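J.: Quick one: the structure is below, and I'll ask about it shortly.
The values are calculated or read from the model by the stated rules, or taken from the named source; none is laboratory data. Only a predicted model underlies this, so the values are computations on that prediction, with no experimental measurement involved. Methodologically, a virtual Cβ is constructed for each residue, glycine included, from the backbone with ideal geometry; neighbour enumeration extends over all protein chains shown. For accessibility, only protein heavy atoms count, side chains too; no ligands or nucleic acids. Shrake-Rupley method; radii C 1.70, N 1.55, O 1.52, S 1.80 Å.
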Amino acid sequence: MIFSKRIQKMAPSSTLSLVELANKFREKGYNIISMAVGEPDFTTPSSVIEAAYEAMKNGKTHYTPPTGISELREAIAEKYRVENGVNVDANNVIVTPAKLGIFMAVSTFIDPGDEVLIPDPGWVSYREMVNFARGKPVGIRLVEEKHFTMDIDDLVSKINFKTKVLIINSPSNPTGSILTYEDLKAIRDVVVDFDLILISDEIYEKIIYEGEHISPGVFEDLLNYTVIINGFSKSHAMTGWRIGYLIAPHSFIPQLEKMQQHTISCAPSMAQYAALQALKEKEAVHKMVEEFRMRRNFVYEELSKIEGLHVKRPKGTFYIFPRYDFDLPSKVFAEELMIKKQVAITPGSAFGPHGEGYFRLSFATSMENLKEGIKRLREFIEEL
Ligand code: GLU
């Protein structure tokens, strides 16, 4: 076989594959309603587009330093100091697409056989990135009864001498849960006591309806163990720009920077100038979140009325993660829904073994689509 064992073992991304599948069906003329993709259906704020255009016209079309332009690194550090209460400076920041940032962090800390604790259910790519680095992903259960927060007893019971990294994601994809100060305090104790590295994926930070986002970086001691990942894709509807950042202790930066140098060289220059403007753009973000909030309320209420579904109201993100009563693997549930009703959702099992029996519905699509999609979903369930 010409392909490496590592790439053969890698599963395709269910979230992205489903989008492709829905598009293929659409091209064939099917009236597909997709509630699968985790991508805002808004256009990037015009001030951000203008900033990129201006930058390009001014010749900002070249490589930048691998860690990013200094103005942006400073602005990101300032954002974390002022908005999040995290004591960092520009030298803690590497500008990079958020997904690549996670990949870089995993690759920087994992040797073959090292164990990485990941949320289960959790975003589809954590598992594959860890596998690719030849680490071993170990799922930590998010407990539905505790509003899908991490079970600390389960967390502690999974730690052994091979455990190296813990990944957390709040607000959480796919459950929409958020970690409270108390949750983070418990996580802090575990990370510091067991000398782990914490990767905190905060990409949904701005999309919150109840409670507040707290970065683990607020704990001064924990900050020395933590790589924060964030970006503009979800908050500013900038998925196509591939722009985000990581924040890490100064001593981690040279190692992480090597990864950046040998992969992407630097984040796209024009996207960096766009991001600089995005950090100033508060109004557009607020508007989008209010629209998501309306949709969340609608989706939650409608799904709660469907017999056989059990729904928790998400506190953040644009996902809802219902459990269903039917004796059907979630992959089959999703496939049948697509075949019979042309509705795309993501099967819960894509997010880990504890996601079985659930599905993820993304409400990052218009109210019109949501109404029609949920109507079809209800019909599908009634016919089961
Ligand atoms: N994170 C989004 C999702 O879960 C976008 C696709 C991806 O990166 O997986 O749908």
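J.: Residue 212 to residue 304: FRET efficiency via 1/(1 + (r/R0)^6), r the Cβ-Cβ distance, R0 30 Å, to the nearest 0.05?
T.: 0.75
J.: If you don't mind, there's one more thing I want to ask. Measure up 24/340; 99/206; 234/287; 164/315 against 20 Å on the Cα-Cα distance and list the ones that go over.
T.: From 24/340; 99/206; 234/287; 164/315, over 20 Å: 164/315.
J.: Can you tell me, using C-alpha contacts under 8 Å and at least 6 residues apart, the relative contact order of the chain as a whole percent? Numbers along the way, then the final one.
T.: On the way: 742 pairs, mean separation 91.1, N = 384.
Result for the chain is 24 percent.
J.: Next question, about the same structure. Which residue fluctuates the most in the chain, going by a Gaussian network model with Cα springs under 10 Å, if the choices are 343, 95, 143?
T.: For the chain, modelled as a Gaussian network with Cα springs under 10 Å, the answer is 143.
J.: Next question, about the same structure. Once both labels are modelled 7 Å past Cα along the beta-carbon direction, what's the residue 2-residue 27 spacing in nm?
T.: The two pseudo-label positions are separated by 2.3 nm.
J.: Follow-up question, since we're still on this one. Need the list of lysines near residue 60 for cross-linking: C-alpha distance under 18 angstrom, and skip anything on the same chain fewer than eight residues off.
T.: Output for residue 60: empty list, no partners.
J.: Sticking with this one: Can you tell which of 347, 174, 249 shows the greatest fluctuation in a Gaussian network model of the chain with Cα springs below 10 Å?
T.: In the Gaussian network model the winner is 249.
J.: Restricting to DSSP H runs of at least four residues, report the calculated mean residue ellipticity at 222 nm for the chain, -39500 (n - 2.57) per run over all residues, nearest 500 deg cm²/dmol.
T.: So the helix-based figure for the chain works out to -13000 deg cm²/dmol.
J.: Roll a 1.4 Å probe over the protein heavy atoms and report the accessible area of residue 53 in Å², nearest 10.
T.: Approximately 120 Å² of residue 53 is accessible to the 1.4 Å probe.
J.: With springs connecting C-alpha atoms under 10 Å apart, model the chain as a Gaussian network and identify which of 244, 352, 113 has the largest mean-square fluctuation.
T.: Taking springs between Cα atoms under 10 Å, the residue moving most is 113.
J.: What are the ³J(HN,Hα) couplings of the range 241-250, residue after residue, when phi is run through the Karplus curve with 6.51, -1.76, 1.60 and θ = phi - 60°? Round to Hz, x for glycine and proline.
T.: 7, 6, 9, x, 6, 10, 10, 8, x, 3
J.: What is the extension gain from residue 136 to residue 71, computed as 0.36 nm multiplied by their sequence separation minus the C-alpha to C-alpha distance, in nm to one decimal?
T.: Values: separation 65, 0.36 × 65 = 23.40 nm, distance 3.79 nm.
So the extension gain works out to 19.6 nm.
J.: Stretched out fully, how many nm does the piece from residue 379 to residue 151 gain, at 0.36 nm a residue minus the Cα gap?
T.: 78.5 nm
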